[in-house]
1. Subtract the Cα-Cα distance of Lys83 and Gln48 from 0.36 nm times their separation in residues, and report this length gain in nm to one decimal.
2. What order, most packed first, do the peptides 58-66, 72-80 have when packing is the mean number of other Cβ atoms within 10 Å of each residue?
Amino acid sequence: MRIQEPNRTGMINAYSKTGQTPVGKERKVSMGKDEVNISAEALEMLKQVEDPDSPARQEKIQRLKKQVEEGTYRVPSDKIADKILSFWRKL
């Protein structure tokens, strides 16, 4: 049984040399350009969102904060049920 065959070591050396770059020559890697694409659906959703700094929105936020602090804020149970059902139907 021969353990050291000359062909095997030659193959190992061939593979180990392929990853090395020759001395004095540097590889230049061209970098791709990053790009962002926003879908038409996302743009439509963005248009539907209210401006967070609008006076009407600020007034609504203050009214809801006051209701929560006073303990008078109530969410109708039918709205909660509708949201839960719509979530599970999507799955």
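Every read-out reported here was derived from the displayed coordinates using simple, explicitly stated rules and does not represent laboratory data. As the structure is a prediction and not an experimental result, all values here were calculated from the model. Counting neighbours? That spans all protein chains shown, and the Cβs are built from the backbone with ideal geometry, glycine included.
1. Once the chain is fully extended between Lys83 and Gln48, it gains 10.7 nm.
2. Taking the mean over residues of other Cβ atoms within 10 Å, the ranking is 58-66, 72-80.
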